[in-house]
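The following block contains the structure, expressed as structure tokens.
Bear in mind these aren't lab numbers, they're just calculated from the coordinates by the rules spelled out. This one's a predicted model, so the numbers in the text were calculated from it and none came from an experiment. When we count neighbours, we look across all protein chains shown, and the Cβ atoms used for this are built from the backbone with ideal geometry, even at glycine.
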Amino acid sequence: METVHCHILHRDPAVIVGFGGPLGPAKFMGKYLADLPAWFLVSPWWSIEDPGILGEILEAYPAYKKAYPGHEIVYLCNTDREVTLLRERGLPAVFCHQNAFIDERLFVPDPLAPKPFDAIYNARLSPFKRHDLARLIPRLALIYYGLGENERQMHALITRLLSEAAFLNGPPEPGRLRWFSPEKVAGYYNRSRVGLCLSDGEGAMYASAEYLLCGLPVVSIENIGGRDYFLDAPYCFTAEPHPEAVAQAVRYLGDQHFDPFAIRQAVLQKMLPERERLIALVQSILDASGKNTDFRRIWPEIFINKLHILNRDAAAMAESLRAGPDSAARPARPAAMAMASEFVS
């Protein structure tokens, strides 16, 4: 089964927001929607500033457009630099940060919760996450995911390196990893003084904003990927990438006794305008397609946490788009296809 990580924002025309790879859900859904106009709003998991990721996009995008001229792809970028890299090469791109679509109702401060952990790190067990930088933090909690062979090997390594850390999921045995609900994750955040972001390159890292919504200050290191957009002083500190500096930064932020609701409010003030940016983008698509739809009005019914569900059946998703009363095959409207020019320059 071909799976996609996505969410349907509108059905006629089809507007799908999704994540992963150079084409997002278009890679597997496009062929099922070949005779229909479709818009894919795509946010790759990894930073577009990475030359390898940029190269994959520059190869995949023109090939897809040639195969499916009735479809449009707009890249949702997490940094201004990503927007520039794509627009300079003629690809449609807008700044629209993925972390703005975390459901703030799921991540709320609990100022009465005890704080048994000096820091918490929610990150997969992969080398790029740099767990080694946390080895001098005395009361460390870890949430992780992934059960591939590399993750099991990393768990063994990290268990030796961070022997005093609390592995909140337990050991990664096949079929026995405990996946936590967002509410459970938020509960662990609230039992911690500081959140950690220790990779020097990835995507925007959802956990970085989840920490903030729960009122945690954050220790990060210099990085690409976009998480810095929400990591503002005085609640966030960028440490040098070595264990002594990270531990010192954790002690410093943990001693500040920030108001958790002030931290939360600061991130919400930046999140909500990003949502408006996406609403305006979808509205422009609908307007150009001749649809008399107020997307802002229906947004609360459509919004879900992170704007995607993982591992959805691509064929079934496409079939659901075709099943509506207006799903008959038809050519794309010229006005709709011209909309991409707004996002190129």
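Above 28 angstrom, tally the Cα pairs of the stretch 119-258 and express them as a % of all pairs, no decimals.
The calculated P(r) of the stretch 119-258 puts 10 percent of pairs beyond 28 Å.
Continuing with this model, one more query. In terms of the ratio Rg/(2.2 N^0.38 Å) built on C-alpha atoms, what value belongs to the stretch 16-108?
1.10
In nanometres, what is the gap between the two model label sites at residue 305 and residue 232, each 7 Å from Cα along Cα-to-Cβ?
2.5
Specify the inter-centroid distance of the stretch 60-116 and the stretch 294-308, based on alpha-carbon positions, in whole Å.
16
Counting Lys and Arg as +1 and Asp and Glu as -1, what is the net charge of the other residues whose Cβ lies under 14 Å from the Cβ of residue 234?
-3
Residue 32: net charge of surrounding residues, Cβ under 11 Å, Lys/Arg +1, Asp/Glu -1, itself excluded?
Neighbour charge sum, excluding residue 32 itself: -2.
Shifting gears a bit: Nearest-5 percent of antiparallel DSSP beta bridges in the chain?
Close to 25 percent.
Around residue 293, with a cut-off of 11 angstrom between Cβ atoms, what is the net charge of the other residues, counting Lys and Arg +1 and Asp and Glu -1?
Taking every Cβ under 11 Å from that of residue 293, the sum is +1.
Sequence neighbours fewer than 8 away in the same chain don't count; with that in mind, list the lysines whose C-alpha is under 28 Å from residue 66.
27, 31, 291
How much length would be gained if the chain were fully extended between residue 65 and residue 179, taking 0.36 nm per residue of separation minus their Cα-Cα distance, in nm to one decimal?
37.2 nm
Please get the size of the charge dipole for the chain, origin at its Cα centre, with Cβ charges of +1 on Lys and Arg and -1 on Asp and Glu, quoted in debye to the nearest 20.
For this selection, approximately 560 debye.
How high is the relative contact order of the stretch 1-98, given as a whole-number percent (alpha carbon pairs under 8 Å, six or more residues apart)?
Taking the mean separation of contacting Cα pairs over the length of the stretch 1-98, I get 23 percent.
A follow-up question, please. Work from the charge dipole of the stretch 189-274 (Cβ charges, +1 for Lys and Arg, -1 for Asp and Glu, about the Cα centre) and give the residue of 243, 273, 221 farthest towards its positive end.
Ranked along the dipole, the leading option is 273.
Another question, then. Can you tell me the mean projection area, over all orientations, of the convex hull of the stretch 186-291's alpha carbons? Units nm², please.
7.9
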